[in-house]
Structure formats: C-alpha cells, structure tokens
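The numbers here are math on the coordinates, done by the rules we state, and not lab data. For clarity, every value in this text was computed on a predicted model and none was experimentally measured. Note that each Cβ is placed from the backbone with ideal geometry, even for glycine, and that neighbours are counted across all protein chains shown.
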Ligand SMILES: [Fe+2]
C-alpha cells in the first residue's frame with residue numbers, strides 16, 4: 001500500500017482534465033459486463049486515455065518500486081498496462097472486489113495477470129463530506145481459524161493530485177459519492193500493471 005500526496009502538479013492535473021474533456025465517455029449502463037460484476041454501483045463513467053495522455057501518464061510512473069515488483073514474477077512472456085479515466089458523480093460507487101480478473105478470455109487467450117493497481121485523482125477540489133473514499137481491506141481468519149473476514153485497514157480520501165498503489169489481489173471498494181458533492185465529480189485515472197505468462 002502506497003499513498004503519495006501531490007504526485008501531480010497543478011499543470012499536470014489540468015493537462016489530464018483537458019484530456020478527459022476531449023474523451024468519449026461510456027457510462028456503466030452502456031457496459032453490460034461491468035454492470036453485471038458491479039450491480040447497484042450508480043452510473044459512473046469510463047473513457048480511454050488519448051495517446052499523448054497515456055504516454056505522459058506512463059512516463060511519470062516509471063518508478064523502481066513498480067518495476068521491481070513486476071519483474072519479481074517468474075516466466076514473464078509479456079508486460080501490459082491498462083488505464084482508463086473514471087468519473088464518479090453523486091450516487092456512484094464500486095462494490096467490494098479484489099481486482100483479480102473475472103476469468104474471461106481476451107481474444108481467446110488467458111487475460112494477463114493484474115499485479116499492481118494504481119488509482120490517482122485529477123479533480124480540482126474534494127471535501128471530506130463528499131464521500132468517494134477508497135477503502136482497503138485485509139483478510140483475517142476468525143479466532144477459530146475458520147471464516148475469513150474482511151477488516152478495513154485504510155480509508156483513503158480522493159485528494160486532488162494524490163496517487164494510491166497496491167498489489168493485487170487486495171479487497172477494496174469505493175464509497176458512494178454523497179449528494180453533498182453537488183455537481184463535483186470524482187475524476188481519476190485507474191488501472192493496472194500486468195504480466196503475461198505462458
Ligand atoms: Fe478495483
């Protein structure tokens with residue numbers, strides 16, 4: 001678990017917000033697969049990064065801690081990244097999940113393994129009352145060693161310009177954005193560094 005405050009400068013945040021303004025967005029109601037995995041999650045929206053934004057994003061994420069973790073897995077035959085823009089308005093949330101893929105085949109091949117999840121925030125302002133926190137859980141067995149319970153270990157407010165990273169699998173969820181947010185949107189880039197294995 002790593003949280004970096006002010007990872008992005010004001011200028012960089014503006015750059016990515018402009019990219020978001022130029023993108024074509026799809027909302028959850030247009031994404032039947034995702035909607036099946038995340039029912040009752042409001043109607044958040046998702047968009048692709050443009051080539052320039054994608055390059056700028058990845059060049060800033062050339063961090064040794066990411067590279068070392070990715071390269072620690074044996075028998076890698078390919079490396080992948082998958083990042084998107086996300087916009088959450090009042091009423092939107094993401095139910096608890098651990099980011100392991102849902103086992104679907106991609107073009108008839110096994111999906112690459114997600115290794116590191118990154119989420120980073122680009123809105124101009126966020127108030128604590130507006131919700132949208134990222135909650136991270138730990139799995140703990142009960143005293144009898146039986147049932148596994150999820151215990152919240154981190155509650156991360158989506159502060160503008162901050163960056164959050166964690167290894168996959170890890171259970172987490174995004175709290176519902178509260179109506180007190182009004183027209184403010186929780187704008188993020190989120191996705192994974194992945195590895196492919198024979
Ligand atoms: Fe996730």
Ordering 132-143, 72-83 by per-residue average of other C-beta atoms within 10 angstrom, highest first, gives 132-143, 72-83
Just grab the label-to-label distance for residue 6 and residue 67, each label 7 Å out from Cα along the Cβ direction, in nm (one decimal).
-> 2.6 nm
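Could you state the per residue volume, in Å³, of the convex hull enclosing the Cα atoms of segment 21-123?
Output value, Cα hull per residue: 143 Å³.
What's the Kirkwood radius of segment 31-88 in Å, using all Cα pairs?
On the way: mean 1/r = 0.0700 Å⁻¹.
Hydrodynamic radius (Kirkwood, Cα only) of segment 31-88 equals 14.3 Å.
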From the Cα centre of segment 127-145 to that of segment 18-84, the distance in Å is 23 Å
FRET E, pair residue 77, residue 48, Förster distance 30 Å, beta-carbon r, rounded to 0.05 | 0.75
Spin-label model distance (nm) - residue 59 vs residue 141, 7 Å beyond Cα toward Cβ = 5.0 nm
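Could you order peptides 39-47, 4-12 by the average number of other Cβ atoms within 10 Å of their residues, highest first? Please report the intermediate quantities before stating the final value.
On the way: 39-47: 16.3, 4-12: 12.8.
Highest-to-lowest ranking by the protection proxy: 39-47, 4-12.
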Would you mind computing the Rg to Rh ratio of the chain from its alpha-carbon coordinates, Kirkwood style for Rh?
-> 0.96
Inverse of <1/r> over all distinct C-alpha pairs of segment 67-173, i.e. the Kirkwood Rh in Å, gives 16.3 Å
Note to self: Kirkwood Rh of segment 113-158, Cα pairs, one decimal, Å, is 13.3 Å
